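Some notes on the structure that comes next.
The values are calculated or read from the model by the stated rules, or taken from the named source; none is laboratory data. Just so it is clear, the model here is predicted, and its values are computed rather than measured. Cβ atoms come from the backbone with ideal geometry, glycine included; neighbour counts cover every protein chain shown. For the accessible areas, the whole protein counts, side chains as well, though only heavy atoms, and no ligand, DNA or RNA atoms are used. Shrake-Rupley method; radii C 1.70, N 1.55, O 1.52, S 1.80 Å.
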Amino acid sequence: MKVTVVGAGAVGASCAEYIAMKNFCSEVVLVDIKEGFAEGKAMDLMQTASLNGFDTKITGTTGDYSKTAGSHVAVITSGIPRKPGMTREELIGINAGIVKDVTENLVKNSPDVIIIVVSNPMDTMAYLVHKTSGLPKNKIIGMGGALDSARFKYRLAEALEAPISDVDGMVIAAHSDTGMLPLLSKATRNGVPVTEFLSTEKQNYVIEETKVGGATLTKLLGTSAWYAPGAAVSVMVQAIACDQKKMIPCSLMLDGEYGESDICLGVPAIIGANGVEKIVDITLTEEEKAKFAEAAKAVREVNGDLKF
């Protein structure tokens with residue numbers, strides 16, 4: 001199992017570190033355009049191998065995609081990070097060109113690769129990969145829902161004053177501050193609906209804090225977060241590598257599911273050796289359906305700015 005991570009910045013390096021430490025693949029290749037940067041990150045990470053007890057080989061390369069040949073999974077993190085006050089949507093003009101070029105190079109060297117898209121605006125970048133890569137739709141996955149759901153569970157545990165292992169929850173729809181849809185109706189603490197524990201005020205707090213989770217961290221850090229995105233990617237890559245058939249919310253090309261077509265949006269899916277094994281159809285409330293449709297409308301507007 002060979003995994004490529006494009007972009008050796010904080011998010012990409014975090015992806016590589018978590019994947020290597022879980023010890024389920026033989027090699028991780030880091031790619032970056034900055035001379036020596038990926039090589040340096042790879043060397044630094046390899047020097048933790050004996051300390052952290054992993055045998056995964058991590059290598060780096062400056063733009064030489066021949067080193068990525070034969071990758072089973074590739075993760076695209078490249079692009080400029082979101083800066084304070086910048087929305088994900090504002091990133092589109094810069095990042096679309098980068099993601100398209102990276103995709104072409106990945107597919108050229110690994111025609112059967114499964115691509116996980118992290119670059120923002122993520123739903124639109126995933127859509128771009130669908131339109132330009134020639135890959136079947138089960139092999140293109142946007143990461144957002146896995147990360148947003150982790151942030152939702154963090155806020156739920158905080159509000160419940162409960163260990164996070166007690167909590168389950170899911171976020172679907174768009175990976176954006178306004179289009180995110182935390183499914184409070186499905187959230188539980190050890191199988192009991194969280195609505196039985198939390199006041200309406202606390203419920204609203206959890207939802208709103210989840211939706212601005214990325215922006216909150218950007219304001220605090222001065223750039224995009226990296227630990228949780230890296231961990232989210234590692235869970236998805238491991239589900240593919242180990243054929244775990246895990247249900248993970250992620251941004252997928254829809255063809256009638258949830259009433260939408262020709263758009264990438266976050267929905268629950270079974271992730272395994274083939275990438276997307278199945279999109280899971282869950283029952284939404286009327287309010288949730290309306291919010292999902294609103295999110296789809298907003299993503300379509302951003303998609304309209306793409307130039308293939």
Review point. Between SER78, SER14, SER261, which gets the highest mean-square fluctuation from a Gaussian network model of the chain, Cα cutoff 10 Å?
Key: SER261
Review point. Leaving out same-chain residues fewer than 8 places away, which lysines sit with a Cα under 17 Å from that of LYS139?
Key: LYS2, LYS100, LYS108, LYS131, LYS245, LYS246, LYS278
Check your understanding: Leaving out ligands, DNA and RNA, what percent of the accessible area of the chain is carbon and sulfur, probe 1.4 Å?
Key -> 53
Check your understanding: Distance in nm between label sites at ALA273 and ILE164, each 7 Å beyond Cα in the beta-carbon direction?
Key -> 3.1
Review point. In degrees from 0 to 90, rounded to the nearest 10, what is the angle of the helix 286-303 Cα long axis to the longest principal axis of the chain?
Key: 40
Review point. With the dipole of the chain worked out from charges on the C-beta (+1 for Lys and Arg, -1 for Asp and Glu) around the Cα centre, which of GLN47, VAL299, ALA74 lies farthest toward the positive end?
Key: GLN47
Check your understanding: What does the charge dipole of the stretch 152-216 about its Cα centre add up to, to the nearest 20 debye, if the Cβ of each Lys and Arg holds +1 and the Cβ of each Asp and Glu holds -1?
Key -> 160
Review point. Going highest first, how would you order 59-70, 127-138 by mean Cβ packing within 10 Å?
Key: 127-138, 59-70
**Study point:** Two-site label geometry, ASP101 and LYS219: point separation in nm, points 7 Å out along Cα→Cβ
**Key:** 3.4
Study note, to complete from the structure: Summing -39500 (n - 2.57) over every DSSP H run of at least 4 in the chain, dividing by its residue total and rounding to the nearest 500, the 222 nm mean residue ellipticity is -13000 deg cm²/dmol
Check your understanding: Angle, helix 92-109 long axis vs. longest principal axis of the chain, Cα atoms, 0 to 90°, nearest 10?
Key -> 50
Practice item. Give the accessible surface of the stretch 167-270 per residue, rounded to a whole number of Å², with probe radius 1.4 Å and ligands, DNA and RNA excluded. Key: 42
Revision key, fill the gap. Cα extents of the stretch 1-148 per principal axis, largest first, Å, are 41, 36, 30
Check your understanding: Quick one: if you stick a label point 7 Å off each Cα along the C-beta vector at ASN204 and VAL192, how many nm between them?
Key -> 2.5
Exercise for review: Can you tell me the dipole magnitude for the chain around its Cα centre, using point charges on the Cβ only (Lys, Arg +1; Asp, Glu -1), in Debye to the nearest 20?
Suggested key: 400
Practice item. Kindly work out what percent of the DSSP beta bridges joining two residues of the chain are antiparallel, to the nearest 5. Key: 50
Check your understanding: Which angle between 0 and 90 degrees, to the nearest 10, do you get for helix 227-241 versus the longest principal axis of the chain when only C-alpha atoms count?
Key -> 80
Revision key, fill the gap. Computed for the stretch 5-57: size of charge dipole around the Cα centre, +1 on C-beta of each Lys and Arg, -1 on C-beta of each Asp and Glu, debye to nearest 20, value 120
Exercise for review: Work from the charge dipole of the chain (Cβ charges, +1 for Lys and Arg, -1 for Asp and Glu, about the Cα centre) and give the residue of ILE98, LEU160, SER199 farthest towards its positive end.
Suggested key: ILE98
Exercise for review: Starting from the Cα-Cα distance between GLU301 and SER261, subtract it from 0.36 nm times their residue separation and give me the gain in nm to one decimal.
Suggested key: 13.0 nm
Exercise for review: First check a/c for the chain, with a ≥ b ≥ c the square roots of the eigenvalues of its C-alpha gyration tensor; if it is under 1.5, answer rounded, and if not, answer prolate when a/b is larger than b/c or oblate otherwise.
Suggested key: prolate
Exercise for review: Can you work out the PRE-style zone for LYS289? Point 7 Å along Cα to Cβ, and I want the residues of the stretch 159-195 with backbone N under 14 Å.
Suggested key: none
